[in-house]
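Structure first, commentary second.
The values are calculated or read from the model by the stated rules, or taken from the named source; none is laboratory data. Given the structure is predicted, the values throughout are model-derived calculations rather than measurements. Neighbour counts run over all protein chains shown; Cβ positions are idealised from the backbone, glycine included. For the accessible areas, the whole protein counts, side chains as well, though only heavy atoms, and no ligand, DNA or RNA atoms are used. Shrake-Rupley method; radii C 1.70, N 1.55, O 1.52, S 1.80 Å.
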Amino acid sequence: MKPQVKSFFVFCIKLIVTLVPAYFVYTNIVNAPDWDIGDLYRLFSWGSVLPFVIALACLAISNFTACLQWKLLLEKQGVHLKYGHLLKLYYVGLFFNNFMPGNVGGDVKKIYDIRMQGGQDSVGAGLTATFFDRLYGLFFVTLFALGMGVLFFMHDEAQRAFMWPSVWIFMGFCMMFACLCSRRLGRLCNRMMSKFLPQKIHCRLDHMFNRFQYFRSVKLWVQISLLSMVTQSLRIFVHYFCGAAVGVDLSISWYFYYIPLVAIVSALPISIGGFGPREFLAQSLFAKAGVASLESVVIQLLAYFVSLVLSLFGAFVFLLGGKPEQTADKA
């Protein structure tokens, strides 16, 4: 199959995955009793401004801590760039994430930018740091969901079932980190993959596995754990304050329980920008907490809008360009 035909075929599949759930979300809203388009406008008032501003502040602070985590992972591999410069690259990546499948387009852009800043040898460092950064963030939100489940929802039969996806995802992440950071398990995985993957791809993965050994540091794991805890907590609070902006009176524990599942589905490269599956899952989950379909969808769209507003700084940096900054040291 030609690459152009394959790309078009993949795009069509993602378009279907985006539109089909979006259609069901729309029908669930318009089929609600006494539905009227005015209901959407009545969600917002002057009282919505303050929660929206707080949501913006939460996401902005989380971007600073997330960029610091990315910087630590890069430095552990010998790529040293000033924090201010990395923050610009991070915001450019955020801007691209808003429009690319599975929110991974921005990650590709960040890896490319690290390559341009640090030279060819920095490609592996940028790929490893960005991949690990994304995985660890998803791991931590899953940990939040499990913690909330044990504390508040374990004895609720209607909610207990939602703990199982988090349990399996958490175990999967633990196994993945063990394979990535353990030399023995890493070599075993490499030998198994060499039997199925082409030699060229296997060599690249082997090089990537070797780079993960830079992260075998207790100090680093403590640092990124604290940063991830702050970053992911703030990003869940973004949804909480978006809910407050549209008048949803719901305990923060529900957000810490549901939003991690929504975030993981959004991160999968199966739809365009995460649209469709994200709103459908959020609508289904928050309905269990008594939130109406319209409000649950608007919370997700408003959280996306918050992200889009902040990422406009990345668009400005991207359009303005700038002189590449060379690394002080490269691995």
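Only residues that are more than 19 Å from the chain's Cα centre (by Cα) and open to solvent by 50 Å² or more (accessible area, probe 1.4 Å) were counted in region 164-180, giving 2. The single condition from (1) within 28 Å of Ala263 (Cα to Cα); (2) open to solvent by 30 Å² or more (accessible area, probe 1.4 Å); (3) out of contact with any Phe, Trp or Tyr (no Cβ under 7 Å at 6 or more places or on another chain) that Met229 fails is (3). One residue stands out in region 262-277 among those that are in a helix (DSSP H, G or I) and open to solvent by less than 20 Å² (accessible area, probe 1.4 Å): the one that is nearest to Leu138 (Cα to Cα), namely Ala267. Please determine, by comparing only the residues of region 242-290 that are within 19 Å of the chain's Cα centre (by Cα), of a type in the set (Phe, Trp, Tyr) and closer than 30 Å to Cys12 by Cα, which one is modelled with the lowest pLDDT. Top of the filtered list is Phe275. In region 214-226 there is no residue that is open to solvent by 30 Å² or more (accessible area, probe 1.4 Å), of a type in the set (S, T, N, Q), assigned to a helix (DSSP H, G or I) and modelled with pLDDT under 90.
Of all residues in region 278-306, how many are open to solvent by less than 30 Å² (accessible area, probe 1.4 Å) and not in a helix (DSSP H, G or I)? Within region 278-306, residues that are open to solvent by less than 30 Å² (accessible area, probe 1.4 Å) and not in a helix (DSSP H, G or I) number 2.
Could you pull out the residue among Phe212, Phe256, Phe237, Phe280 that is of a type in the set (Phe, Trp, Tyr) and farther than 25 Å from Gln159 by Cα?
None of the others qualify; the one that does is Phe212.
For region 232-249, a residue qualifies if it is open to solvent by less than 20 Å² (accessible area, probe 1.4 Å) and assigned to a loop (DSSP other than H, G, I, E, B), and exactly one does: Val246. Leu143 passes every criterion in (1) assigned to a helix (DSSP H, G or I); (2) at pLDDT below 90 apart from (2).
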